[in-house]
Amino acid sequence: MVSNGSDSRLTVITGPSGVGKGTVVKQLLQKHKKVWLSVSATTRLPRKGEIEGEDYFFLGKDSFNELANKEGFLEWAEFAGNSYGTPRKPIQQKLDSGVNVLLEIELEGARQVRRSFPQAFQIFLAPPSFQELERRIRNRGTDSEKAIEARLKRAKEELEAQAEFDAIVINEDLNKSVFDLEVLLGLVS
Ligand code: 5GP
């Protein structure tokens, strides 16, 4: 069996905005009910169809900062003008009860987790090319031109950091990426 070589049950998935992390992770969760995805808090406004408590906890800036000051986040970071954070308490509860926990977060957050949870396994989901990533971000059609520019700039920085990760999965084909994650998480033999 191929496993991620760690007995930790905390896995971080990072990759530039638009690479398809959400889609890949959703498919993985549908196949493996025992994997739990942390729901982050954000100050970003909900996109069409996003559900409070399912996609994110949508917080005002004051509430977010208050929680951050109370050490309520395992990690948090600014991304394209908004704040995003992983609520600490549920993670600890799930890990204590032996559940596989997945964090889908950006680069700065992944770096913070690397410091506080060095035993966590960190995966980078990469696009086949930068041009393809830009196409995916633009096709999503949910962000303003300003937000798109900010995401593309950040994407370049994130791609440059991929060597920091324990494993890199290139998201060219959805099923193949899901399978690669299953192998890395030790969910298939
Ligand atoms: P989006 O606005 O597209 O939902 O997310 C923007 C970026 O924030 C994505 O790269 C996503 O993975 C990241 N993100 C989501 N939740 C968190 C979190 O709790 N912490 C950090 N550091 N990044 C997050």
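Since every read-out is calculated from the coordinates, none of them should be taken as a lab result. All values reported here derive from a predicted model rather than from experimental measurement. Here the Cβ is made from the backbone with ideal geometry for all residues, glycine too, and neighbour counts use every protein chain on show.
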Within the range 74-103, the residues that are more than 13 Å from the chain's Cα centre (by Cα), among the hydroxyl-bearing types (S, T, Y) and under 30 Å from I148 (Cα atoms) are S83
Within the range 87-137, residues being without any contact (Cβ under 8 Å) to a residue 24 or more places away in the chain and part of a loop (DSSP other than H, G, I, E, B) number 3
Residues of the range 72-105 being surrounded by fewer than 18 Cβ atoms within 10 Å (Cβ to Cβ) and touching a helix residue (DSSP H, G or I) at 6+ places or on another chain (Cβ under 7 Å), in sequence order, are G72, G81
Checking S83, S17 in turn, the sole residue that is among the polar types (S, T, N, Q), in a loop (DSSP other than H, G, I, E, B) and within 11 Å of the ligand (Cβ to nearest atom) turns out to be S17
Self-check item: Test: residue in the range 51-70 that is over 17 Å from the mean Cα position of the chain (by Cα) and touching a residue at least 24 places away in the same chain (Cβ under 8 Å)
Solution: yes
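Got a number for residues in the range 138-172 being of a type in the set (D, E), part of a loop (DSSP other than H, G, I, E, B) and surrounded by fewer than 17 Cβ atoms within 10 Å (Cβ to Cβ)?
The total comes to 2.
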